[in-house]
1. Please report, for the Cα atoms of segment 21-65, the Rg to one decimal and the Dmax as a whole number; what are they, in angstrom?
2. Quote the relative contact order of segment 2-66 in percent (integer), defining contacts as alpha-carbon pairs under 8 Å separated by 6+ residues.
3. Between residue 61 and residue 37, what FRET efficiency comes out of the Förster formula 1/(1 + (r/R0)^6) with R0 = 22 Å and r the beta carbon distance, rounded to 0.05?
4. Give me the distance in nm between label points sitting 7 Å out from Cα along the Cα-to-Cβ direction at residue 16 and residue 45, one decimal.
5. Viscosity 0.890 mPa s, temperature 25 °C: give me the Stokes-Einstein translational D for the chain in µm²/s, with Rh taken as the Kirkwood radius over C-alpha pairs.
6. If each of residue 53 and residue 1 carries a label point 7 Å out from its Cα toward its Cβ, how far apart are those two points in nm?
């Protein structure tokens, strides 16, 4: 089972966010939805989602959590 988090950061923080996630033992996979808008998708597993949420809530820059698009759900 996977969990998808959609978020938005200042565009120049996308790479930094990716590096932070990677440096924490590959807790999740980050993909960019719209680089110009800073929109990202973070895919975590059911066993890592709690740790990912803690990590995202303690970033050194703002991350806005976005609602899931109508064609996808947070739980698959």
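1. In Å, with Rg to one decimal and Dmax whole: 10.7, 31.
2. Details: 102 pairs, mean separation 29.0, N = 65.
Dividing the mean separation by the residue count of segment 2-66 yields 45 percent.
3. Numbers: r = 16 Å, r/R0 = 0.71.
The formula returns an efficiency of 0.90 here.
4. It is 3.0 nm.
5. On the way: Rh = 12.4 Å.
Diffusion coefficient, whole number: 199 µm²/s.
6. For the pair residue 53/residue 1, the computed spacing is 1.3 nm.
Readers should treat all values here as calculations from the given coordinates under stated rules, not as data from a laboratory. It should be emphasised that the depicted structure is a prediction, and the values quoted were computed from it without experimental measurement. Cβ sites come from the backbone with ideal geometry, for glycine too, and all protein chains shown count toward neighbours.
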